[in-house]
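Beneath this line is the structure, given in structure tokens, with notes to follow.
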Amino acid sequence: MEHDLSAWHGEVSKLLGAGASLRDGMQALLAYCNKKHRWRGWSKIGELDFDSDVEELEKWLKEVLKKEPPPSSLKAFWFGIFNPIYDGDTVCYTYIAGASEFDPDDENFEWACGPDYFPDGRYAHSKILSEIYKAIDGSPASAIGEYILCLAYTAFAVRELAKRVDKKLWLGKSKHRGLAVGFDSGDGVLLESLGRNAG
């Protein structure tokens with residue numbers, strides 16, 4: 001199938017911008033994926049327990065930010081998505097990092113390269129990301145599925161975490177910090193900045 005990354009990115013950005021909830025957003029994107037590439041596996045992904053995974057991610061993030069608080073110089077957080085080999089299998093993970101430089105207009109997210117904040121506990125062991133990747137890996141729908149669903153789930157989950165986790169943990173003494181999610185290999189999405197009155 002044709003890899004139209006620009007269109008796929010646009011669908012994710014559109015739903016995030018419209019304020020869709022995590023579940024509604026994922027269901028809409030699964031419907032979009034099915035329209036572009038008919039595959040019976042989409043429905044199984046739609047049945048995954050997104051909410052309980054976000055609860056586990058919330059516990060993880062609170063612990064990281066408490067034990068390893070970001071430096072006062074930090075301007076933005078980056079949640080990177082990558083594919084490590086774990087126990088002999090390729091999986092999909094996300095991690096938190098941060099930069100002392102931030103350019104909200106940089107569509108290539110070059111500011112996120114060479115992070116200044118790279119905590120020891122940075123890796124989030126999201127069951128949902130792994131289950132999505134396992135479901136689509138090796139299937140004819142793997143390209144569109146991995147790009148759209150892994151990017152979207154991470155973005156929706158992080159947006160939810162921005163609401164749930166205490167702003168003091170996110171910000172320290174800063175008034176605001178940027179927030180973005182994306183693949184280490186390239187594309188990402190900029191989320192609403194973290195601020196004391198946001199969320």
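The values are calculated or read from the model by the stated rules, or taken from the named source; none is laboratory data. Please read these numbers as outputs of a predicted model, since none were measured by experiment. Note: ideal-geometry Cβ built from the backbone for every residue, glycine included; neighbour counts use all protein chains shown. With ligands, DNA and RNA removed, areas are computed over all heavy atoms of the protein, side chains included. Shrake-Rupley method; radii C 1.70, N 1.55, O 1.52, S 1.80 Å.
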State to the nearest 20 debye the size of the charge dipole of the range 142-186 about its Cα centre, where the only charges are +1 on K and R beta carbons and -1 on D and E beta carbons. 520
Equivalent-ellipsoid semi-axes (√(5λ), Cα gyration tensor) for the range 87-147, whole Å, largest first? 28, 17, 8
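What is the percent of Cα-Cα separations in the range 1-105 that go past 20 Å?
60
Based on a Kirkwood Rh over C-alpha pairs, give the Stokes-Einstein translational diffusion coefficient of the chain at 37 °C and viscosity 0.692 mPa s in µm²/s. If you can, show how the numbers build up before the last one.
On the way: Rh = 17.1 Å.
For these conditions, the coefficient is 192 µm²/s.
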For residue 163, list the lysines whose Cα falls under 30 Å from its own Cα; do not include residues on the same chain fewer than 8 positions away. 14, 44, 59, 62, 66, 67, 75, 127, 134, 173, 175
³J(HN,Hα), Karplus 6.51/-1.76/1.60, whole Hz, each residue of the range 162-172, x for Gly, Pro: 5, 7, 7, 7, 3, 4, 5, 5, 5, 9, x
Carbon and sulfur %, accessible surface of the chain computed with the full protein complex present, 1.4 Å: 47
Taking the alpha-carbon centroid of each part, what is the distance from the range 12-42 to the range 90-150 in angstrom? 18
Between residue 179 and residues 5 or more places away or on another chain, which pairs have amide H atoms under 5 Å apart, with H built 1.01 Å from N, and which residues are they? 77, 191, 194
Residue-ordered couplings for the range 33-39, obtained by feeding phi - 60° into the Karplus form 6.51 cos²θ - 1.76 cosθ + 1.60 and rounding to whole Hz (Gly and Pro as x), are 4, 5, 5, 7, 8, 4, 7
